[in-house]
Amino acid sequence: MSSSTLIPTAEYSAPDLKETHKFDVGNGDHSTDGQTTQISDIVINAGGEDRDKPSEAKDTPLGHLRAKLTTLQDQVNVFLTERMKQDKSKNAQKEEEDIERRILDDGVDEDDSD
Amino acid sequence: MTVDLDKYAKPGKDHYIALGLEGSANKLGVGVIRHNLGQLSSNNRAQVLSNVRDTYITPPGEGFLPRDTARHHRNWVVRIIKRALIDAKIKGTDIDCICFTQGPGMGAPLQSVVIAARTLAQLWGDIPLVGVNHCIGHIEMGREITGADNPVVLYVSGGNTQVIAYSKQRYRIFGETLDIAIGNCLDRFARTLKIPNEPAPGYNIEQMAKKGKHLINLPYTVKGMDLSMSGILGYIDQLAKEMFGKQAKKVVDETTGEPITAEDLCFSLQEILFSMLVEITERALAHVNSNQVLIVGGVGSNERLQEMMKLMIQDRKNGQIYATDERFCIDNGIMIAHAGLLSYRTGQTNDIKDTVCTQRFRTDEVFIKWRDD
C-alpha cells in the first residue's frame, strides 16, 4: 500500500454475533472534528466554551489518516453505544419478566416469606 | 556508597535527554530534561530544557469531568509536545527515553497521554518508555530544584495529601488523608462559592482568604498521623449555602459582632486545614529526627501554607523549609521527565505491554533504585 492511501480499519466480534462486524470509513468527507468526540453538554450548559477543538487535518498522508481515523472512531462509538442500549433494554425486559414470574408463579417474593 | 547512575549510558554521549508527559488530572504537561553524566550534585544539576503546560479550565461551579479532560489532553498533546521540542531545541531522535505518568490519577486522562507516549516511542525508532509514579515525580523534582537532600515531604495537591519520608529505598507514607485530598476540599468549596476556575480555584481562594479577618469555628480533624477533610467541607459548604442561598442567613463574628463574609470563610477554611497539615508534618519531623521540610504539589504554591510551615520549622534547630514555585509545584511534564530519567539511568524501563496506566499507585510501591542512603 502506498503511503498516500493509508486507510484505517476495525473489526468487532463477540460471542452473540454470528459474523464479525467490519467498519469501513468509506469515501465521504472526513474531518478531525468527530461527531462522538465533542465536548460534554454539561460543560456547554454551564456556560463553558469549547477551547479544545482538535486541529484540522493537514493535506498530507498522515493528516488524511487522522481524519479517516476520526470517522472510524465515530462509527465504533455509535456501534458500541447501540449495543449497550440493546443490552440495557434486554436486562430491563428480563427484570420485568421476573416480576411477572414471581407474582404469577409464587404469589410472594421468596425473600419476604420468612 | 552511591548508586552508579551511568551503567546504561550510551557510548560516546556525555549526557542524557528525557521527554516527560504528564496528564493525570486537568493539566497537560510536557517537559524536556537533560542530565550530564555523573552524580547529580550542586555542581551538576539537572537542566530544564523546556517545560510547557496547558490546563483544562471549566466554567465556575463546575469540576473537571474525566471525559472532557481526556479530550482536552488528546486534542492538545501533539501541539504541546511540538512546542516543548522547539523550546528545548532538540529533535525526537535526540531523546534517550520517553517518560509518562503511569498513575495515580484519573483513568481517562492518563490513558490519553500514554497513547501519545507509546506512539512517539515507536515513531522515533524504539525509544525506551519509562512509567513514572506521579508522586515520585513531585518529590524528585522538588529535591532537585531546592537542593533538599533528605527532607520530610509534604505532598499536597488536588488528588493527594501525604506526609512522606525516605527510608531504605522507599518513600514511606507517614500520614495521609483518610478521605478527600486538600486541593479537592478547597476546589469543591470554590465551586460552592462559584469562584472562577481560572487560573486555579485554589489560587482564587488564597486571594480571597487574604481579605478575611474573622476565624469561624470549624471541626479540627487530625486522627493520629492522618487527617480527614470531608467533614470540614460538609460543614462549611452547608454554612455557605445557608448564608448565600435563599435563606440569606446572617452570621456574625462572636467577639466583634461584625458580619461573616465569603472571604472570612475562605480564610477560616485555609487556616484550619493548614494547621492540621503543620501538626502532622511536625510530628513526622520528630519521628525521623529531621529538620527539613519540602512542600510539593499544587497546594504547595499557597504562600499562606508556606508561611505557616515556616513558623513551625523555625522553632526547630537548624530548621529549613523548601518549596518551589508554580512551574514545578503544579503538575508538570518536567518532573516526570526527571524522575523517569533517574529510573532509566538505573536500568528501569517498561516494555510496551507494561505501560498500562493505573488509577491507584501508592508512593511506597516504587523501588527507589537511584538512592541507597
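Any read-out appearing in this document is the output of simple, stated calculations on the displayed coordinates, not a laboratory observation. In this text the structure is predicted, and so the values were computed from the model without any measurement. We place every Cβ from the backbone using ideal geometry, glycine too, and count neighbours over all the protein chains shown.
Results, tabulated for the structure shown:
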{"item": "Value at 222 nm in deg cm²/dmol, rounded to 500, when DSSP H runs of n ≥ 4 in chain A each add -39,500 (n - 2.57)", "result": "-14000 deg cm²/dmol"}
{"item": "Mean shadow area of segment B:142-328 over all directions, Cα convex hull, nm²", "result": "11.0 nm²"}
{"item": "Dipole magnitude of chain B, debye to nearest 20 (Cβ charges: Lys/Arg +1, Asp/Glu -1, about Cα centre)", "result": "760 debye"}
{"item": "Links that overshoot a 19 Å alpha carbon limit, given the list B:Lys13/B:Lys91; A:Lys22/A:Lys58; B:Lys194/B:Lys246; A:Lys53/B:Lys91; B:Lys223/B:Lys317; A:Lys53/B:Lys82", "result": "A:Lys22/A:Lys58; A:Lys53/B:Lys91; B:Lys223/B:Lys317"}
{"item": "For the protein assembly as shown, convex hull volume per residue from C-alpha positions, Å³", "result": "231 Å³"}
{"item": "Relative contact order of chain B, pairs being alpha-carbon contacts under 8 Å that are 6 or more residues apart, as %", "result": "27 percent"}
{"item": "Kirkwood-Stokes translational diffusion coefficient of chain B, alpha-carbon pairs, 25 °C, 0.890 mPa s, µm²/s", "result": "115 µm²/s"}
{"item": "Rounded tilt (10° steps) of A:61-101 against the dominant C-alpha axis of chain A", "result": "10 degrees"}
{"item": "Lys/Arg +1, Asp/Glu -1 at C-beta; chain B dipole; positive extreme among B:Ile330, B:Gln348, B:Asn75", "result": "B:Asn75"}
{"item": "For the protein assembly as shown, share of DSSP beta bridges that run antiparallel, in % to the nearest 5", "result": "65 percent"}
{"item": "Relative packing of peptides B:267-273, B:233-239 - highest average C-beta neighbours within 10 Å first", "result": "B:267-273, B:233-239"}
{"item": "Packing rank of A:48-60, B:39-51, B:68-80, where each peptide gets the mean count of other beta carbons within 10 Å, highest leading", "result": "B:68-80, B:39-51, A:48-60"}
{"item": "Computed magnitude of the charge dipole of the protein assembly as shown (debye, nearest 20; Cβ of K, R +1, Cβ of D, E -1)", "result": "2080 debye"}
{"item": "For B:Leu215, B:Leu85, order by how many other beta-carbon atoms lie within 10 Å, fewest first", "result": "B:Leu215, B:Leu85"}
{"item": "Kyte-Doolittle mean at least -1.0 and Cα axial length at least 30 Å: DSSP H helices in chain B", "result": "B:66-88, B:262-288"}
{"item": "For segment A:10-68, alpha-carbon Rg over 2.2 N^0.38 Å", "result": "1.57"}
{"item": "Check: chain A dipole with +1 on Lys, Arg Cβ and -1 on Asp, Glu Cβ, in debye", "result": "1200 debye"}
{"item": "Förster radius 25 Å - calculated FRET efficiency between B:Glu326 and B:Gln47 (Cβ-Cβ, nearest 0.05)", "result": "0.80"}
{"item": "A:Thr60 versus B:Asn150: modelled label distance in nm, points set 7 Å from Cα along the beta carbon direction", "result": "5.1 nm"}
{"item": "Segment B:142-328: relative contact order in percent, alpha carbon pairs under 8 Å with at least 6 residues between", "result": "28 percent"}
{"item": "Antiparallel bridge percentage (DSSP; both residues within segment B:142-328; nearest 5)", "result": "60 percent"}
{"item": "Per-residue Cβ neighbour rank within 10 angstrom, fewest leading, B:Val222, B:Val132", "result": "B:Val222, B:Val132"}
{"item": "Relative contact order, percent, segment B:70-118 [alpha-carbon distance under 8 Å, six or more residues apart]", "result": "55 percent"}
{"item": "Per-residue mean of C-beta atoms belonging to partner chains within 10 Å, peptide A:53-64", "result": "1"}
{"item": "Residues B:Lys7, B:Lys210 arranged by fewest to most Cβ contacts within 10 Å", "result": "B:Lys7, B:Lys210"}
{"item": "Chain B: antiparallel DSSP beta bridges as a percent of all, rounded to 5", "result": "65 percent"}
{"item": "Positive-end residue of A:Leu17, A:Ile42, A:His64, charge dipole of chain A with Cβ unit charges", "result": "A:His64"}
